[in-house]
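The values are calculated or read from the model by the stated rules, or taken from the named source; none is laboratory data. Given the structure is predicted, the values throughout are model-derived calculations rather than measurements. Neighbour counts run over all protein chains shown; Cβ positions are idealised from the backbone, glycine included. The accessibility values were calculated without ligands, DNA or RNA, using every heavy atom of the protein model including side chains. Shrake-Rupley method; radii C 1.70, N 1.55, O 1.52, S 1.80 Å.
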Amino acid sequence: MANGLVETEIAKNAAASTARLIDTIIEEAHNLRASDIHIDPQNGNVRVRYRIDGRLADFHFLPLRFCPEIISRIKILAGLRTDEHQIPQDGRFRVIIGALPLDIRVSVAPTYGGENAVLRLLSDKAEQFALESLGFSPQNFEKIKSAINRPHGMILAAGPTGSGKTTTLYALLKKLNTQDVSIVTIEDPVEYAIGGVRQIQTNSRAGLTFASGLRGILRQDPDIIMVGEIRDAETAGIAVNAALTGHLLLSTLHTNDAATTLPRLLDMKAESYLIASTVNVVIAQRLARRICPHCKTKYPAGGAAIAGLRRAFNTIDFSRQENFWRGAGCNQCAGSGFLGRVGIHEVLSVSSAIKEAILNKSSAETIRRIAIEEGMTTIAEDGFAKAESGITSVEEILRIFHE
């Protein structure tokens with residue numbers, strides 16, 4: 001990992017072949033399990049960063065003179081206009097690494113220092129979409145299984161950007177994707193191709209929005225519909241009515257917890273009786289880095305860790321905790337102490353009591369209190385349970401909730 005203006009082997013070979021340079025960067029990022037590559041011209045050089053397990057880190061600094069060639073090569077691969085430098089452009093391309101295909105989504109944008117590029121690496125690994133591998137507790141897993149076994153209604157995933165909501169929806173679709181059902185999605189963008197599922201990408205220039213696309217989908221005789229995100233009142237209204245008329249509808253909202261999702265639909269002008277009748281379950285989530293199993297070490301609980309937890313989560317009892325875990329750092333995790341990520345969740349099932357609260361247009365706090373009384377594990381409790389069992393660290397849980 002580069003920490004300064006280091007003339008790396010990649011930089012030395014850049015002049016020889018821009019195409020080979022791009023291939024080398026992509027292959028290195030893929031081997032390091034990066035989800036994104038950031039190529040930014042600034043301060044007299046081109047900074048290359050990889051996002052690994054949700055965190056960006058510097059890896060290479062290249063001479064600034066290579067930037068136009070790098071961006072031009074990326075544009076050619078993604079089918080973008082090489083003579084356009086003043087507006088953002090989006091595209092995608094595919095490479096083969098080790099006989100396996102790797103789809104790459106590209107975003108190029110003009111910045112003060114010149115055009116930059118962000119490459120999203122979309123690995124086709126099927127295990128990414130296994131519901132069992134996403135870190136749900138047995139209790140939460142059973143709630144979700146019960147919800148997807150219903151023939152109609154809404155399943156909502158909630159959380160901030162980058163919290164894994166889309167991955168959760170894909171995992172649910174994979175579970176539901178059988179020969180006897182028709183599944184149609186409307187997404188922005190389509191990140192992964194799923195065999196047997198009709199996937200539609202929004203196109204604002206052509207007037208294909210979530211709302212208009214959803215209207216079109218309803219004429220395609222679907223059993224199950226996935227809407228990438230409920231962003232506005234129009235989409236919310238159509239989605240709720242689709243769920244009411246015999247469809248199972250999956251979607252996401254940008255809310256911080258499960259309880260807030262229900263009043264958020266009210267804010268989008270959806271009728272309370274329709275929300276109460278259609279929402280089956282809300283899954284709120286974050287992503288925490290997993291402790292590297294190759295350098296995992298135990299240390300006594302106490303001191304700053306317990307004090308920080310008590311300040312952050314005064315409703316959880318930490319008095320019995322004897323040990324926590326952390327990664328010491330090794331070659332397998334590039335010295336970070338973490339390897340991969342796991343979801344932390346709260347799953348709110350819409351019970352009779354919660355339906356009544358929705359009909360009364362109760363606050364998110366009231367809905368949350370009812371859900372906890374009925375046995376919902378809060379996202380903070382789930383996070384602490386994963387730290388307690390050594391899946392992640394206390395510091396990681398505190399970082400997530402501090403952010």
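What to note about this one:
- Annotation: of all residues in segment 144-176 being in a loop (DSSP other than H, G, I, E, B), within 21 Å of the chain's Cα centre (by Cα) and of a type outside the set (Ser, Thr, Tyr), the one that is farthest from Arg92 (Cα to Cα) is Gly159.
- The listed residues are Val181, Val190, and the only one of them that is assigned to a loop (DSSP other than H, G, I, E, B) and surrounded by fewer than 16 Cβ atoms within 10 Å (Cβ to Cβ) turns out to be Val181.
- Among the residues of segment 246-280, those identified as touching a residue at least 12 places away in the same chain (Cβ under 8 Å), open to solvent by 10 Å² or more (accessible area, probe 1.4 Å) and out of contact with any helix residue (DSSP H, G or I) (no Cβ under 8 Å at 6 or more places or on another chain) are Gly246, His247, His254, Asn256.
- Considering segment 25-80, and only residues there that are out of contact with any helix residue (DSSP H, G or I) (no Cβ under 7 Å at 6 or more places or on another chain) and of a type in the set (Lys, Arg), the residue that is farthest from Pro101 (Cα to Cα) turns out to be Arg65.
- Put simply, of Phe141, Phe136 the only residue that is assigned to a helix (DSSP H, G or I) and not basic (Lys, Arg) is Phe141.
Let's see how each residue does on (1) within 29 Å of Arg341 (Cα to Cα); (2) in contact with a strand residue (DSSP E or B) (Cβ under 8 Å, 6 or more places away or on another chain); (3) free of Cβ contacts under 8 Å to residues at least 60 places away in the same chain:
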{"position": "Gly44", "(1), (2), (3)": "no, no, yes"}
{"position": "Asp58", "(1), (2), (3)": "yes, yes, yes"}
{"position": "Leu80", "(1), (2), (3)": "no, yes, yes"}
{"position": "Val95", "(1), (2), (3)": "yes, yes, no"}
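- Within segment 114-121, none of the residues are outside any strand (DSSP E or B) and surrounded by fewer than 16 Cβ atoms within 10 Å (Cβ to Cβ).
- Residue in segment 120-138 that is out of contact with any Gly (no Cβ under 7 Å at 6 or more places or on another chain) and more than 26 Å from Val197 (Cα to Cα) present: yes
- The listed residue being touching a residue at least 12 places away in the same chain (Cβ under 8 Å), in contact with a strand residue (DSSP E or B) (Cβ under 6 Å, 6 or more places away or on another chain), on the phi > 0 side of the Ramachandran plot and not basic (Lys, Arg), out of Gly113, Gly91, Gly135: Gly135
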